[in-house]
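Student: Quick one: this structure, given as structure tokens, is what I'll be asking you about.
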Amino acid sequence: MGLIALGVTGGIGAYKAVEIARGLQQGGHDVVAIMTASAHKFVGRVTFEAITQRRVITDQFAPGANADIEHIALASDIAALVVAPATANIIGKLALGIADDFLTTLYLATRAPVLVAPAMNTNMFSHEAVAQNLSTLRDRGVHIVGPGEGYLACGWIGKGRLAEPADVVAATEAILRTVGSLAGQRLLVTAGPTYEDLDPVRYLGNRSSGRMGLAVAAEAVRRGAHVVLVLGPSALEPTPGAEVIRVRSAAQMHDAVMTRAAEMDAVVMAAAVADYTRSGGSEPQKISKRADGDDDDRALTMTLTRTADILAELGRWRADRVRPWLVGFAAETQDVVERATAKLTRKRVDLVVANDVSRSDAGFAVETNAAVLVDAAGATELPLQQKSALAGAILDRVEAGLSQATATAHATPGDMADPADKPGQHESS
Ligand code: CTP
């Protein structure tokens, strides 16, 4: 599952791309449609907008489209680029590396797998120029689906008809299953703050935006993992392509994580889980101040109770087994490495991502983060970088850890977590 860019070019089969978009969505993917100038002659952008629930990209130079260098941003976000229908013209441009519109620029900028579904007149398809261009693309690793044979819109009968939408969808699924360095792996990522309700209108929260966890989830989806995202009350959009479980409180996050942890290859606890909640739970009625305002009433006393430490519980449950590989975060304001190292041992996790939240350019609610990765081998300081880049560095460690775990598991079978043995069963939380 992931975000798929669907490039629609100017062929009679363009209307069938609507069905392809639908098919991809039914498979749990998010679709962003990119239409070339001639595609508009065959089908309207509103149709794709309504189906994909996203802005359709039509013009590289549209006002606003370059504010975040959209083709570059999209290039790193997508799990695949599917061009259907692909005319002889676009096939030629892709083969030659011509970048004169959004779709052709995206093709050059992305490292995601590319699938092309040619559709054209029979003679055009069998022309040496088109054959050579397709062969160039194939040699470059581009996947080709179709074309089919049959009655063509131009009245001819022969090869050139756009592959059936179901076949284009199936070909996309097949590509996504095999690519990506985390293909076949299951990752649970937590993100955002938790809110501990005090009464029907008030809560205890924290400043976490969820950005870091969402960046890890997005990168894991891009690398082909099945991602379960347990998301606290964050204002940000959940990661496309992830299976999303929305929670509010630390207790709900605890339950969601514990229910799914046993089936995971790795768990990344990026959420800022509340350490304390109101003793006895939320007050059913709104807590009101006394009307007289006596000095006695100027203070409100409330008792808070520790929440269950989800990560520590996972660490205890997993014990010396190799999976799930566990990543924790540590938000510190002083002695970052020392404290993170202590957390690594205390919570029995494989990696702690520590950051100094007293810096204004790192930590909560900003796009950048400077972190120290702490594992049993020591500490590695990473420079200030975009959270998406840091997510990549964290997942590189997860991947290395998982390959090592696989090697260990082969050497000592039975070292994997037993899915029937769910964490939290032996805990009083
Ligand atoms: N965490 C958790 N459950 C909690 C609290 C924290 O799973 N109830 C996880 C966070 O998701 C994060 C890590 O533990 O991965 C960070 O813990 P942190 O709150 O920094 O550490 P504490 O152990 O609470 O230490 P301290 O408050 O002393 O810094």
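Student: On full extension of the chain, what length is gained from Ser403 through Arg45, given 0.36 nm per residue of separation minus the C-alpha to C-alpha distance?
Tutor: Computed gain between Ser403 and Arg45 is 124.4 nm.
Student: On to the next question. Give the total of Lys-Lys pairs in the chain with Cα-Cα distances below 21 Å; include a pair only if its members are 8 or more places apart or on different chains.
Tutor: 4
Student: Given a cut-off of under 8 Å on Cα pairs at least six residues apart, what relative contact order in percent is computed for the chain? Before the final figure, lay out each step's value.
Tutor: Numbers: 918 pairs, mean separation 51.1, N = 429.
Averaging sequence separation for qualifying contacts and normalising by length gives 12 percent for the chain.
Student: Take the chain, connect every pair of alpha-carbon atoms lying under 10 Å apart with a spring to form a Gaussian network, then pick out the residue of Ala109, Ala377, Ala33 with the largest mean-square fluctuation.
Tutor: Of Ala109, Ala377, Ala33, the Gaussian network model singles out Ala377 as fluctuating most.
Student: OK, next. Once phi is turned into θ = phi - 60°, what whole-Hz ³J(HN,Hα) does the Karplus curve with 6.51, -1.76 and 1.60 give for every residue of the range 300-317, x standing for Gly and Pro?
Tutor: Working through the residues one at a time gives 10, 9, 9, 9, 10, 10, 5, 7, 5, 7, 4, 5, 5, 5, 4, x, 5, 5 Hz.
Student: Sorted by packing (mean other beta-carbon atoms within 10 Å per residue), highest first, where do 174-185, 7-18 land?
Tutor: My ranking of the peptides, most packed first, is 7-18, 174-185.
Student: Per residue, how big is the convex hull of the chain when only Cα atoms are used? Give it in Å³.
Tutor: Once divided by residue count, the hull of the chain is 188 Å³.
Student: Taking the inverse of the average 1/r across all pairs of different Cα atoms in the range 3-176, what Kirkwood radius in Å do you get?
Tutor: Values: mean 1/r = 0.0632 Å⁻¹.
For the range 3-176, inverting the mean 1/r across all distinct Cα pairs yields 15.8 Å.
Student: Right, next: Sort Arg397, Arg298, Arg306, Arg223 from largest to smallest accessible area, using a 1.4 Å probe on the heavy atoms of the protein chains.
Tutor: Sorted descending by solvent-accessible area, the residues read Arg298, Arg306, Arg397, Arg223.
Student: Moving on. Averaged per residue, what accessible area in Å² does the range 186-411 show with a 1.4 Å probe, protein chains only?
Tutor: On the way: 10520 Å² over 226 residues.
I get 47 Å² per residue for the range 186-411.
Student: Separate question: Keeping all protein chains in place, calculate the accessible area per residue for the range 3-176 (probe 1.4 angstrom), answer in Å².
Tutor: 44
Student: Next up: With every protein chain present, what accessible area does Asp361 have (1.4 Å probe, heavy atoms only), rounded to the nearest 10 Å²?
Tutor: Result for Asp361: roughly 50 Å² accessible.
Student: Shifting gears a bit: Once you've got the GNM for the chain with C-alpha springs shorter than 10 Å, pick whichever of Thr277, Thr58, Thr406 has the biggest mean-square fluctuation.
Tutor: Answer for the Gaussian network model of the chain: Thr406.
Student: Please report, as a whole percent, how much of the solvent-accessible surface of the chain comes from carbon and sulfur atoms (probe radius 1.4 Å).
Tutor: Details: 10250 of 20080 Å².
So the carbon and sulfur contribution to the accessible surface is 51 percent.
Student: Report the Cα centroid-to-centroid distance between the range 320-369 and the range 197-258 in angstrom, as an integer.
Tutor: When both Cα centres are located, 18 Å separates them.
Student: Another one. Sorted by accessible area (1.4 Å probe), largest first, how do His127, His143 line up?
Tutor: Details: His127 105, His143 70 Å².
Ranked from most to least accessible, the order is His127, His143.
The values are calculated or read from the model by the stated rules, or taken from the named source; none is laboratory data. Just so it is clear, the model here is predicted, and its values are computed rather than measured. Virtual Cβ from ideal backbone geometry, glycine too; neighbours counted across all protein chains shown. Heads up: the accessible areas ignore ligands, DNA and RNA and are worked out on the full protein's heavy atoms, side chains in. Shrake-Rupley method; radii C 1.70, N 1.55, O 1.52, S 1.80 Å.
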